Amino acid sequence: KKPLSSGLTAMEKKLAEYKCNTNEAIQLKLVRFPEDLEDDNTTFNPEYSHQVFGDDEVAFGYKGLKILLYYIAGNLSTLFRIEYTSKVNEKFDCVEADDVESKIREIIPPGFCTNTDDFVSLLEKEVNFKPFGMLLHTYSVHEEAGEDITYQIYKADMTCPGFREYHERLQTFLMWFIETASFIDVDDERWNYFLVFEKYNKDGATLFATVGYMTVYNYYVYPDKTRPRVSQMLILPPFQGEGHGAQLLETVHRYYMSSPTVLDITAEDPSENYVKLRDFVLVKLCQDLLCFSPVKLMQGFSQEMVTEAQQKLKINKQHTRRVYEILRLRATNMGDAEQSRSYRLDVKRRLIGPYKKKQRELAKMRRCLRPEEMTNQLNQIDLNLQREQLEESFQQLVSDYRRVLERLAQA
């Protein structure tokens, strides 16, 4: 055995130079004009690549590795190329470079370009690309440059010509921006697809660029209802932070609101960011309902709120409760000792539910295991810890709620 202090061998040092971080190596682009290809400002990188390259997010065997995945902005025709300055070879200590190409080929559909000229000639046909499906909503965003940019949201399905292939290209972005992404079974007709596009001008023509999308699965609820569940939602990085997620979610809610067979809308395993977005959208939708008037908010959470939010806006009970807490915070003078105490107790009573359940289960277990006095002492320790955790949860929640209210005030 060699002593540990000898550090890295020359060989290991040399091999370490052939490791590349795949989040940096992968370069993504949404291309509108040929000059975008050379413009570093249009490049963006993945947030995650572990689903393709393993938990270390490393590709071994290359120096200066670049994995180029360029997409035409509208129909997402793809250019895929791998570039590097040097690569390990077989003679070099019998190590083999990772097969980067086949890993990428597993997630991108066939039919991509491998050279720039082919890609640029496809770019000229982009003027023929039109959004799929039915137009649901048009809105505009005021840009810093002083112009208004128009966006549109469409609902599509697999019967739209060309949509199946387009969706295959679109869903590859999930791998890079959603931590636990998976591709969906598009042959299941219960999926709905909602797409956001930007309208832009090129040589006097109006073209469309892909901004983001959402997939929703319609679960059946006995006897004659459905419960749509948001599965995936992605706004592409060049468009993030401009309010498109809120527009999309609100449009989807409004689409289902008009359907008498829809019970309410849920989400599958939502991320923290999605919860913040949903809080904002649902509070915006609910704030004008009569059941959320300041007087009623101060009387506490009620069945009337649950019923009205579900019937009119397709919001489920759990989300309605959060909406109530956020709107009640807005109506509460937290500087007033009595009002703030009442608010704190009301929220903590909801937060303590899961603790109490756990407490009952623990008590049951301990009765079988330990003498009585031991249980009491432990319960006491638990209670103090529980109070601390509860207070922490409450403070965190209030700060999240305040951010929602700030955003609402600016909307």
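The values are calculated or read from the model by the stated rules, or taken from the named source; none is laboratory data. Everything quoted here is computed from the prediction, not taken from an experiment. When we count neighbours, we look across all protein chains shown, and the Cβ atoms used for this are built from the backbone with ideal geometry, even at glycine. What goes into the accessible areas is simple: the full protein's heavy atoms, side chains included, and nothing from ligands, DNA or RNA. Shrake-Rupley method; radii C 1.70, N 1.55, O 1.52, S 1.80 Å.
The table below lists the values:
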{"read-out": "J(HN,Hα) series, region 151-159, from Karplus relation 6.51 cos²θ - 1.76 cosθ + 1.60, nearest Hz, glycine and proline x", "value": "10, 9, 10, 10, 10, 10, 8, 5, 7"}
{"read-out": "Compactness of region 130-269 as Cα Rg over 2.2 N^0.38 Å, two decimals", "value": "1.09"}
{"read-out": "Highest-MSF residue in the chain out of 73, 181, 363 [GNM, Cα springs under 10 Å]", "value": "363"}
{"read-out": "Structure-based [θ]222 nm, the chain - -39500 (n - 2.57) summed over DSSP H runs of at least 4, per residue, nearest 500", "value": "-13500 deg cm²/dmol"}
{"read-out": "Solvent-accessible surface ranking, highest first, for 214, 334, 365, 175 at 1.4 angstrom", "value": "365, 334, 175, 214"}
{"read-out": "Accessible area expressed per residue, the chain, with surrounding protein chains retained (probe 1.4 Å, Å²)", "value": "55 Å²"}
{"read-out": "Order by protection proxy (mean Cβ within 10 Å, highest first), peptides 313-320, 255-262", "value": "313-320, 255-262"}
{"read-out": "Mean Cβ neighbour count within 10 Å, used as a protection proxy, ranking 341-347, 65-71, 142-148 highest first", "value": "65-71, 341-347, 142-148"}
{"read-out": "Residue with peak Gaussian network fluctuation, the chain [Cα springs, cutoff 10 Å], from 278, 330, 254", "value": "330"}
{"read-out": "Straight-distance crosslink candidates among lysines, where the alpha carbon sits under 29 Å from residue 14 and sequence neighbours closer than 8 are dropped", "value": "1, 2, 63, 66, 87, 91, 103"}
{"read-out": "Whole-Å distance, taken between Cα centres, linking region 51-88 and region 112-133", "value": "20 Å"}
{"read-out": "Accessible area in the full protein assembly, largest first, 1.4 Å probe, for 55, 187", "value": "55, 187"}
{"read-out": "Point-to-point label distance, residue 138-residue 43, nm (Cα→Cβ direction, 7 Å offset)", "value": "3.7 nm"}
{"read-out": "Relative packing of 298-306, 14-22, which averages over residues the other C-beta atoms within 10 Å, highest first", "value": "14-22, 298-306"}
{"read-out": "Neighbour-limited loop hits for GluC sites (Glu not before Pro), region 179-212 (at most 14 other Cβ within 10 Å; DSSP other than H, G, I, E, B)", "value": "179, 189"}
{"read-out": "Inter-centroid distance (Cα atoms) of region 229-249 relative to region 309-356, Å", "value": "26 Å"}
{"read-out": "Among 390, 30, 174, residue whose mean-square fluctuation peaks in a GNM of the chain (springs only between Cα atoms under 10 Å)", "value": "390"}
{"read-out": "Where labels lie 7 Å past Cα in the beta-carbon direction, separation of residue 357 and residue 295 in nm", "value": "3.6 nm"}
{"read-out": "Portion, in percent, of the accessible area of the chain that falls on carbon or sulfur, probe 1.4 Å", "value": "49 percent"}
{"read-out": "Among (1) 1.23; (2) 2.01; (3) 1.18, the entry derived from the coordinates for Cα Rg over 2.2 N^0.38 Å", "value": "(1)"}
{"read-out": "Residues whose placed amide H lies under 5 Å from that of residue 229, excluding near-sequence neighbours", "value": "217, 218, 219, 266"}
{"read-out": "Gain on full stretching of the segment that runs from residue 203 to residue 221 - 0.36 nm per residue minus C-alpha separation", "value": "1.4 nm"}
{"read-out": "Label zone at residue 184 (point 7 Å along Cα-to-Cβ), backbone N below 16 Å, region 118-160", "value": "132-134, 154-160"}
